[in-house]
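The values are calculated or read from the model by the stated rules, or taken from the named source; none is laboratory data. Keep in mind the model is a prediction, meaning the values are calculated, not measured. Neighbour counts are summed over all protein chains in view; Cβ atoms, including those assigned to glycine, are modelled from backbone coordinates with ideal geometry. Only protein heavy atoms, including side chains, enter the accessible area calculation; ligands, DNA and RNA are left aside. Shrake-Rupley method; radii C 1.70, N 1.55, O 1.52, S 1.80 Å.
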Amino acid sequence: MTEQLLTVQVHKRQLQGDGVVVLDLIPVGGATLPAFDAGAHVDIHIAPGLVRQYSLCSDPADHAVYRLGVLKDPASRGGSVGVHDTLLEGSEVQISAPRNLFPLAKAARRSILLGGGIGITPMIAMAYALHARGEDFELHYCGRSRSRSAFLEQLQSVAFADRVFTHFDDEAPEQKLDMDAVLGQAESGVHIYTCGPTGFMEWVIGDALKRGYADDHIHREYFQVEVDNSGASFEVVAARSGKSVQVAEGQSILDALADVGIKIEISCEQGICGTCLCDVLEGEPDHRDVYLTDDEKAANDQILVCCSRAKSPKLVLDI
Ligand code: FES
């Protein structure tokens, strides 16, 4: 499956807050940017073999530009540092078409958007979309401090600024996120969206569940996911070469394939990005990713080999 990539140019680059680069990407050569829905991300092909996903945080109604924000992560495996160091104004880069794993629910009566730190990015696009639809929503932006947070100026000047609330750890207690006031008790038709550091998301999700919100009304986008490779050993057959390998307990399919010389392209290695997607010809996958939709998982004809395993003793892959 060869994906069609789009070449874009960094039209504007701004450093905001503490270590966040905000990039405005425009098409080159008279191309147009594909439309996107709020919550979508694009893959940025930073360098050969280095692909990372970043949420679009521009107004989905604006077809002239894609905006994204990238936090420089000191523990980066090359992704965020590569973006900061190489994507300068005027430079060109290849990106995928937008893909949305974090869509807005269709018929919400009210939406509560809770972004922690750089997790604010998909929430901004969602707020633009909800405002354009005339829907009821609130956007809550939580961070360690005002000076370290990006996008504050933009959020003060948007048409929905009266629906934006900021909460900083080092400011007065009255402005801290008050879950009793924001979430209250679950009401029908109210949907919650959260994105940010794992601890922040677990706090939001746990609190919302305790308040009676249904799990399918709590929408989440992960930056980092724990990979669980536990489970019985199974055989993987690479149909094109006929090579076969036993995947040990605690080992990923990816690593087992590498042991017999089969290299699969990877990026996140956490089941988030979809780069390592392979077609399944035989056998039943044990899906452990957050990339495939429930329907795609139920079809059992694709697998992400960086994190998923098998429920059947043998998997035959179209590789
Ligand atoms: S490498 Fe990202 S899902 Fe496998």
Original post:
Once you sort the root eigenvalues of the Cα gyration tensor of the range 41-139 as a ≥ b ≥ c, which label holds: rounded (a/c under 1.5), prolate (a/b larger than b/c) or oblate (the other case)?
Top reply: prolate
Original post:
For the range 6-95, which whole-number percentage of the solvent-accessible area (1.4 Å probe, protein heavy atoms only) is attributable to carbon and sulfur atoms?
Top reply: 52 percent
Subject >> Long-range tail of P(r) for the chain (Cα pairs > 39 Å, %) >> reply: 17 percent
**OP:** Evaluate the distance, in nm, between pseudo-label points positioned 7 Å from the Cα of residue 311 and of residue 188 along their respective Cα→Cβ axes.
**Re:** 3.3 nm
**OP:** DSSP loop (so not H, G, I, E, B), at most 15 other Cβ within 10 Å: list which trypsin sites (Lys or Arg not before Pro) in the range 202-287 pass both filters.
**Re:** 211, 240, 263
Subject >> Mean separation of Cα contacts under 8 Å (6+ apart) over length of the chain, as relative contact order % >> reply: 14 percent
Original post:
Short version: ³J(HN,Hα) in whole Hz for each residue of the range 167-174, in order, from phi by Karplus 6.51 cos²θ - 1.76 cosθ + 1.60 (θ = phi - 60°), x for Gly and Pro, what are they?
Top reply: 9, 10, 4, 9, 10, 4, x, 4
Original post:
What's the angle, to the nearest 10 degrees (0 to 90), between helix 198-210's Cα axis and the longest principal axis of the chain?
Top reply: 80 degrees
Subject >> Derived scalar couplings ³J(HN,Hα) [the range 117-132; Karplus, 6.51 cos²θ - 1.76 cosθ + 1.60; whole Hz; x for Gly, Pro] >> reply: x, 5, x, 5, 4, x, 5, 5, 4, 5, 5, 4, 5, 5, 4, 4
**OP:** Considering only lysines 8 or more places apart in sequence, or on different chains, count the pairs in the chain whose C-alpha atoms sit under 29 Å apart.
**Re:** 16
**OP:** Provide the gained length on full extension for the span residue 179 to residue 147, in nm with one decimal, where the gain is 0.36 nm per separating residue minus the Cα-Cα distance.
**Re:** 9.1 nm
Original post:
Rolling a 1.4 angstrom probe over the protein heavy atoms, how many square angstrom per residue are accessible across the range 110-221?
Top reply: 44 Å²
**OP:** Go ahead and set up a Gaussian network model of the chain, Cα springs under 10 Å, then flag whichever of 260, 65, 305 fluctuates most.
**Re:** 260
Original post:
When ranked by the protection proxy of mean other Cβ atoms within 10 Å per residue, highest first, what sequence do the peptides 291-298, 17-24 form?
Top reply: 17-24, 291-298
**OP:** Please provide three numbers in whole Å: the alpha-carbon extents of the range 241-314 along the principal axes, with the largest listed first.
**Re:** 31, 26, 23
Original post:
Say R0 is 35 Å: what FRET efficiency, to the nearest 0.05, do residue 97 and residue 230 get from their beta-carbon distance?
Top reply: 0.50
Subject >> FRET efficiency, 1/(1 + (r/R0)^6) with R0 41 Å, evaluated for residue 132 and residue 298 via beta carbons >> reply: 0.80
Original post:
Going by a ≥ b ≥ c, the root eigenvalues of the Cα gyration tensor, does the range 110-221 fall in the rounded group (a/c under 1.5), the prolate group (a/b larger than b/c) or the oblate group?
Top reply: oblate
